[in-house]
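Report on the structure given below.
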Amino acid sequence: MTVSTQSVNSRYRGLILSIAAFLALIGVLLAFTFYTSSVLERNTTLVNISNKTANNAQAIIKDLFDLQSSVGEHINSPHQKRVRERLENNTQDINRLLTSMREGSEYIDDADNSYQIPNITTATEVAALNEAQQDWDKLKPLITAYLKGASDIRIDSSDELALAYEQAKTSSLRMNDALDRLTSEVYNETERQADTIRLIQILGVAA
């Protein structure tokens, strides 16, 4: 009777340990999935923000070309005012986006959508961001100098506009190249994370 009881207790003990090990494994898999999901979300946000920065840089060169082509048009015309306003907004937006990617902060777009932008961490990403920042630092002061007097009819800002446009032809392309490398690095990191998730899931199921 005693031997039988011990045998039953041993079987129950083994079953309880098995269930505990199974639940621990499930817990580890869930925790890992939660962590990797947050990493994937971070990378997706970075890709979107990097693309938005590049698009803004392209919009800036288009607006500068538009303003350059319409020299002689009254500076207070609806067209001129609209393009200058868009140019100023995109300039401020690029400032915020580059700073946010470097430091990590909240970003609110024109539609009042809020994004928590994670900061850039890997060496390759930092190098690409630094290159984009360096070219932006060359272009931004020229745009600011143009916008400073562009709405004043007493000031001739054509020289400042020409300088900003010529610099934009170089800086915007270099910024796009740097941001494209940044996006590619983040995308490759996302693929590596996805492969890791699949491997862990397979091992977890096998276990």
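Remarks
- Criterion violated by LEU29 - all others in (1) farther than 29 Å from LEU163 by Cβ; (2) free of Cβ contacts under 8 Å to residues at least 40 places away in the same chain; (3) part of a helix (DSSP H, G or I); (4) aliphatic (A, V, I, L, M) satisfied: (2)
- Summed over the stretch 54-89, residues that are in contact with a helix residue (DSSP H, G or I) (Cβ under 8 Å, 6 or more places away or on another chain) and of a type outside the set (Gly, Ala, Ser) total 20.
- The single residue among LEU179, LEU163, LEU129, LEU98 that is over 17 Å from the mean Cα position of the chain (by Cα) and among the aliphatic types (A, V, I, L, M) turns out to be LEU163.
- Only a single criterion out of (1) open to solvent by less than 50 Å² (accessible area, probe 1.4 Å); (2) at pLDDT 90 or above is not satisfied by PRO141, namely (1).
- Just one of (1) open to solvent by 80 Å² or more (accessible area, probe 1.4 Å); (2) free of Cβ contacts under 8 Å to residues at least 24 places away in the same chain; (3) outside any helix (DSSP H, G or I); (4) out of contact with any strand residue (DSSP E or B) (no Cβ under 7 Å at 6 or more places or on another chain) fails for ILE153. It is (2).
- When GLN80 is tested against the conditions (1) open to solvent by less than 50 Å² (accessible area, probe 1.4 Å); (2) farther than 30 Å from GLY149 by Cα; (3) modelled with pLDDT of 85 or more, the lone failure is (2).
- Any hit, the stretch 165-185, residues being open to solvent by less than 90 Å² (accessible area, probe 1.4 Å) and among the basic types (Lys, Arg): yes
- Failed condition for THR44, given (1) of a type in the set (Ser, Thr, Tyr); (2) under 24 Å from ALA168 (Cα atoms); (3) surrounded by fewer than 16 Cβ atoms within 10 Å (Cβ to Cβ): (2)
- Selection from the stretch 7-56 of residues that are closer than 30 Å to ASN95 by Cα and charged (D, E, K, R): GLU41, ARG42, LYS52
- Qualifying residue in the stretch 109-126 (condition: within 30 Å of VAL39 (Cα to Cα), out of contact with any helix residue (DSSP H, G or I) (no Cβ under 7 Å at 6 or more places or on another chain) and surrounded by 15 or more Cβ atoms within 10 Å (Cβ to Cβ)): yes
The values are calculated or read from the model by the stated rules, or taken from the named source; none is laboratory data. Note that the structure is predicted; figures quoted are calculated from it, not measured. Cβ coordinates were reconstructed from backbone atoms using ideal geometry, including for glycine residues, and neighbour counts include every protein chain displayed. Calculation scope for accessible area: heavy atoms of the full protein, side chains included, ligands and nucleic acids excluded. Shrake-Rupley method; radii C 1.70, N 1.55, O 1.52, S 1.80 Å.
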